[in-house]
Amino acid sequence: MKFKDLPKKAIDKVKNFRLTRRVFAYPYVLFLLIFVVTPLVIVLVNAFLQDGQITFQNFIDLATDGSSLRVLGTSVVVGIVTTLICLLLGYPVAYILARWKSGSIIVMLFILPMWVNFLIRTYALQTIFENIGVTLGMGTVIFGMVYNFIPFMIMPLHTTISNIDKSFKEASQDLGASPVQTFFKTTLPLSLPGIISGITMVFIPTISAFAISQLLSNNSIILFGDSINLKFENKLYGVGSVMSLIMLALVLISNFFMNKINKGEAAKNLW
Amino acid sequence: MKKILPFCLVVLLVVGVIFSGIAGCSFAEEPDETLVIYNWGDYIDEDIEEEFEEYYESVTGKKLDIVYSTFETNEIMLTTVEKGEEIIDLVCPSEYAIQKLMEGGHLQKIDSSKISTFTNVDSAIYDKVAEVFTGINVPGIGASESMVDYFVPYMWGTLGILYNADVVTEEDLATGYGVLWNAGNNPELEGKILMKDSIRDSYVAAVMRLKELGRLPSGYENIPVQTLINTVDDTLMQAVEQILIEQSDALKGYEVDFGKAQMTSNRAYVDLAWSGDALWAMEDGENLDYFVPEIGGNIWFDGWALLKNAQNVKAAYMFIDYLCRPEIAIRNAMAIGYTSALDKTAMMASEDVLAIVEENEYDVEEYFNDELRYPDIASATTLGVMKDFGERNSATIEMWERVKSSKQDNMWILWVSIAVVGGVGIAFGVYYLLTHRANAYRRLIKTAEELAEEENA
């Protein structure tokens, strides 16, 4: 492309402008560029800056400072435990509700609390625990996480389970499978996509959550999100950015694996 | 033409959306001038803003609009000011943050001759500050500036221990800072002690506790308090980290803003608190008391500083002048619970002040002679002012994080095992329910079939 053609091309662009569907996406793309891409670039740049110099010092600082890694470990464990509990509690609920006609209304009731801001709900939870004399600590933090994120598990599960074709189940029963066998051989494998999106939607917000752990442990438990918050509050932007990048990497890795598992069409998961 | 029209439409739409945000200005009566004030949250009697606007109009004939915003920590204030995007005239941070603002070249000198009420300010505060904050390098002005020329004190106080006198015994109190460690082994205090979620405050308490116990590293024993609490070298920090980790077993948690509420509702019995918060809580709660252990502690000052890029210097000076009037100062002190930085003899000389104190149901003598509210700054060698940690800031933050996460080591094994056991339990429950129901169903069919056979027969 020659440079002198550029103005002409630009004019052509304007002249040939059509109000296609794509045009309506422009405001959002603009929004995305300003508020998502730019901050990420800033974080990336900050991760390599210390006192105005480009270095790897921030990474070294983080790796040699034992507490950040310990905090990261705790966060991942809290994330796994929360996800497990959400799955174990959420699956039976979603399964039962999918079989009821009024199920979707009851699912609405599960989602209803989410209309109240999570901070307000967490404050309420804190007060309740205090009043019934429960010591705030790791147990209450995990309770709070489960309480806040379980709707994200139930929703996708309910949708997938209620969309499973009934004939699979009927076929399995026709072939003489017991209800338990039917469940493990048809319903469970067919609901795998729901399980996976549920896990993603619970695990990722849990490891990055920060206010819940502070409120429900009187600040005595510090998770990765809290740690990043602490770094930025005290203007340690370099280390804070590195930690944000680690967070981002975690999100990407878990998304990658989830997609990998989910790639096979649902029906292939039947065995 | 047909093609251009929709294009224009889209452009208009986008531009409109963007500008509606920017141009969303009010249609109220345009003020002639504005004064931008950036202060701690809950740190002023709010009526005073409007009264000042009226006063300003009556003196200058111009309509002033006060733009008032607040911050929660000195660090948030520093970030906002250093970004330099907003025009701010006056800020009211703590002394160490003023030091940082000076070093960053964000402040201009205060010309005290422009403040007619300047003589009301307690000179003991200036003496103490002059002792500590000298030789500060202010870019563009001088390498050895004193903070005294850059701020007008507003409120001040100490850091001490707020406790519930019903629970905390004389023996506990005799341990000084040990109360925060439950050194008296009072069973009622177990898990009822709150610490500040701030490394600066916790550092003072920890250093003082080390001094009490005689556990300061060798060579540090005879350092005066003022120097000791500003010493952040590796040796002392290690000792501090150790003693703070020891403390975490006795604690209920670390608070930032909920300490007062916890104390007045008897959910906690001991709290590391600033004097103003403590005095406020003592008004509200039953049998609460406050003390600064004899061994020493931290004394702090908050004051007004004038920013370099201030756009309304005249109004800013008038505002400081206004705040330094005894009758205004006492109203602020009453509203927020902290101690005004005005000299108490100047305050007591004003009839208005006495009336306001009595109106708030205080005894005048008691109010001004209360040692909790007005400790003797001049003769207290055990009270030190904290400086900025400077380059050691990141090291202290890391240390604080290690302290707070010290108990998170092997706990996860416990939780994972509980989760696995719970999960298996639930799975078995579901399994049992399903098989049980299936069996019942089969039995039902069986009986139905038997009945049918009987009928056939």
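See the values below:
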| item | result |
| --- | --- |
| Hits in the range B:274-291 (condition: under 20 Å from the mean Cα position of the chain (by Cα) and either aromatic (Phe, Trp, Tyr) or part of a loop (DSSP other than H, G, I, E, B) (or both)) | B:Trp274, B:Trp280, B:Tyr290, B:Phe291 |
| Where A:Asn131 falls short, out of the listed (1) within 11 Å of another protein chain (Cβ to nearest Cβ); (2) assigned to a helix (DSSP H, G or I); (3) surrounded by 13 or more Cβ atoms within 10 Å (Cβ to Cβ) | (3) |
| Any hit, the range A:112-129, residues being in contact (Cβ under 8 Å) with a residue 12 or more places away in the chain and basic (Lys, Arg) | yes |
| Output for the range A:164-198, where each listed residue is more than 14 Å from chain B (Cβ to nearest Cβ) and farther than 26 Å from A:Thr82 by Cα | A:Ile164, A:Asp165, A:Lys166, A:Ser167, A:Phe168, A:Glu170, A:Ala171, A:Asp174, A:Leu175 |
| Residue match in the range B:319-328 (condition: part of a loop (DSSP other than H, G, I, E, B), assigned by TED's automatic domain parsing to the domain that holds B:Glu95 and at negative phi) | yes |
| Residue ID - surrounded by the most Cβ atoms within 10 Å (Cβ to Cβ), chosen from residues in the range B:60-86 that are of a type in the set (Val, Ile, Thr) and under 15 Å from B:Pro31 (Cβ atoms) | B:Ile66 |
| Every residue from the range A:5-28 that is exposed (fewer than 11 other Cβ atoms within 10 Å of the Cβ) and either within 30 Å of A:Ser241 (Cα to Cα) or in contact with a strand residue (DSSP E or B) (Cβ under 9 Å, 6 or more places away or on another chain) (or both) | A:Tyr28 |
| Filter result for the condition that a residue is of a type outside the set (D, E, K, R), without any contact (Cβ under 8 Å) to a residue 60 or more places away in the chain, surrounded by 18 or more Cβ atoms within 10 Å (Cβ to Cβ) and over 26 Å from B:Asn185 (Cβ atoms), over B:Trp280, B:Trp304 | B:Trp280 |
| Residue count, the range B:46-99 (criterion: under 12 Å from B:Tyr322 (Cβ atoms) and assigned to a loop (DSSP other than H, G, I, E, B)) | 0 |
| Flag for A:Lys260 being of a type in the set (D, E, K, R), out of contact with any Gly (no Cβ under 7 Å at 6 or more places or on another chain), within 14 Å of chain B (Cβ to nearest Cβ) and more than 30 Å from A:Phe56 (Cβ to Cβ) | no |
| B:Val256 being within 14 Å of chain A (Cβ to nearest Cβ), under 21 Å from the mean Cα position of the chain (by Cα), under 23 Å from B:Asp172 (Cβ atoms) and of a type in the set (Val, Ile, Thr) | no |
| Residue match in the range B:210-225 (condition: surrounded by fewer than 22 Cβ atoms within 10 Å (Cβ to Cβ), of a type in the set (Val, Ile, Thr) and free of Cβ contacts under 8 Å to residues at least 24 places away in the same chain) | yes |
| Checking B:Glu455 against (1) within 14 Å of another protein chain (Cβ to nearest Cβ); (2) among the acidic types (Asp, Glu); (3) within 30 Å of A:Gln173 (Cα to Cα), the condition it does not meet | (1) |
| Test: B:Thr435 is over 25 Å from the mean Cα position of the chain (by Cα), within 14 Å of chain A (Cβ to nearest Cβ) and either farther than 30 Å from A:Gly240 by Cβ or surrounded by fewer than 18 Cβ atoms within 10 Å (Cβ to Cβ) (or both) | yes |
| Those residues of the range A:222-233 which are among the polar types (S, T, N, Q) and surrounded by fewer than 22 Cβ atoms within 10 Å (Cβ to Cβ), in sequence order | A:Asn229 |
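For every residue, the table says whether it meets (1) among the charged types (D, E, K, R); (2) over 21 Å from the mean Cα position of the chain (by Cα); (3) in a helix (DSSP H, G or I); (4) more than 10 Å from chain B (Cβ to nearest Cβ).
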site	(1), (2), (3), (4)
A:Asp12	yes, yes, yes, yes
A:Leu33	no, yes, yes, yes
A:Leu44	no, yes, yes, yes
A:Ile60	no, yes, yes, yes
A:Cys86	no, no, yes, yes
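The values are calculated or read from the model by the stated rules, or taken from the named source; none is laboratory data. Keep in mind that what you see is a predicted model, and the values were worked out from it rather than measured. Note that we place each Cβ from the backbone using ideal geometry, even for glycine, and neighbour counts take in every protein chain shown.
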